[in-house]
Amino acid sequence: MKRIAVVAGLVGAAMAVIAAAGQGVGTAGRAKIFGIAYVKVKMTDLAKDVMFYGQQLRLPTGEIRDGNTVQASYVVNGNQRIELAKTAPGTTGSYLAEVGLATDDVNKMRTYLTAKGVAANEIFMWPDGTKYFETQDPEGNKIVFVQENWRADYLMGYDEAISRRLLHAGFVVKDWKAENRFYEDVLGFRLYWKGGFQDDGPDWYEIQVPDGDNWIEYMLNIPANADHKELGVQNHFSLGVASADAAAKYLRAHGLKEFDGPEVGRDGKNSIDAYDPDGTRVEVMEFVPTGKVCCGEYAGAHPKP
């Protein structure tokens, strides 16, 4: 069955839940949310992206489960993948098209969300039998809940790839309190870390899924008129590595000569910023901080390799 677009009004409905979300009703009845099942990224030239994701990052190709827009799928591990969706050159807005969250029961999750006043599409099925439904957060970021048999042993990826773990996805957020009423109060996400360029306020706010160690990162204080290059920096995803220094050598050996880092950030983690052919940032970062952490300690457990 073909997937239909998210119904008009999802954003308004997501905003409507805000008034009720913070009243202490809890998350009883919510299905589990294990982690990020996939990120979908827009791209304009498949051949260039195949070179970047397949040859330079050395991620293996996987079966395309959503054939409506996806042109290629790259496997990070048995639970997680990166999907590439074709878009026309010059397309504006975020190229991080959607984030898929793995749950154990899409029917239970959809029932829970709609009871909270959050609009959600019908449940559909990809050709491989995977069930999913779409919704949006209060700022219009598309979130897709995917029913998956999330297993710890599936997190072991491929030795030749640069990474075997997808750690987080980040996107521009204007009103982080409104987003928190959705992600924290309704969905049960919890604070992982927050920090900024200075110590006087957050520029990054990170929240972990309730039943795992992946996280969503709010990119705060971004100008409303940010251009495509800036949006590519802010709307991003990350891959975990044991050593960013080793990852830098790896990237150069596989033909990627231009990237930022390695550098220890304000979060204390050593990382690299690489960019796909359309400017979407792929943050290659270590699992744990090795440097000074600004703005307070981490509130959640770090992911493991």
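Assorted remarks:
- Condition met for Val99 (in the same structural domain as Gly26 (by TED's automatic domain parsing), closer than 22 Å to Val209 by Cα, of a type outside the set (D, E, K, R) and part of a loop (DSSP other than H, G, I, E, B)): no
- Filter result for the condition that a residue is modelled with pLDDT of 95 or more, of a type in the set (Val, Ile, Thr) and within 23 Å of Val50 (Cβ to Cβ), over Val288, Val293, Val241, Val264: Val241
- With respect to the conditions (1) in contact (Cβ under 8 Å) with a residue 40 or more places away in the chain; (2) within 19 Å of Gly196 (Cα to Cα); (3) crowded, with 20+ Cβ neighbours inside 10 Å; (4) hydrophobic (A, V, I, L, M, F, W, C), Ile207 falls short on a single one, namely (1).
- Complete set of residues in segment 64-76 that are part of a loop (DSSP other than H, G, I, E, B) and at pLDDT 95 or above: Val76
- Taking the criterion of being under 16 Å from His168 (Cα atoms) and among the hydrophobic types (A, V, I, L, M, F, W, C), the residues of segment 245-277 that qualify are Ile272, Ala274.
- Any hit, segment 69-92, residues being under 14 Å from Leu187 (Cα atoms) and in contact with an Asp or Glu (Cβ under 7 Å, 6 or more places away or on another chain): no
- Odd one out for Asp159 among (1) more than 21 Å from Tyr95 (Cα to Cα); (2) touching a residue at least 24 places away in the same chain (Cβ under 8 Å): (2)
- Check on Leu239, closer than 27 Å to Lys292 by Cα and either surrounded by fewer than 19 Cβ atoms within 10 Å (Cβ to Cβ) or touching a residue at least 24 places away in the same chain (Cβ under 8 Å) (or both): yes
- Some residue of segment 73-91 being over 23 Å from Lys32 (Cα atoms), crowded, with 20+ Cβ neighbours inside 10 Å and of a type in the set (Gly, Ala, Ser): yes
- For the condition without any contact (Cβ under 8 Å) to a residue 60 or more places away in the chain, out of contact with any strand residue (DSSP E or B) (no Cβ under 6 Å at 6 or more places or on another chain) and over 25 Å from Lys269 (Cβ atoms), Gly117 does not qualify.
- Considering segment 210-305, the qualifying strands (runs of 3 or more DSSP E), each wholly inside and each with 1 or more residues that are over 17 Å from Leu167 (Cβ atoms) and out of contact with any Gly (no Cβ under 9 Å at 6 or more places or on another chain), run over 260-264.
- If you filter segment 68-94 down to residues that are closer than 25 Å to Glu148 by Cα and hydroxyl-bearing (Ser, Thr, Tyr), you find that the one that is farthest from the chain's Cα centre (by Cα) is Thr69.
The values are calculated or read from the model by the stated rules, or taken from the named source; none is laboratory data. Just so we're clear, the structure is a prediction, and the values are computed from it rather than from any experiment. All Cβ positions, glycine included, derive from the backbone under ideal geometry; neighbour counts span all protein chains shown.
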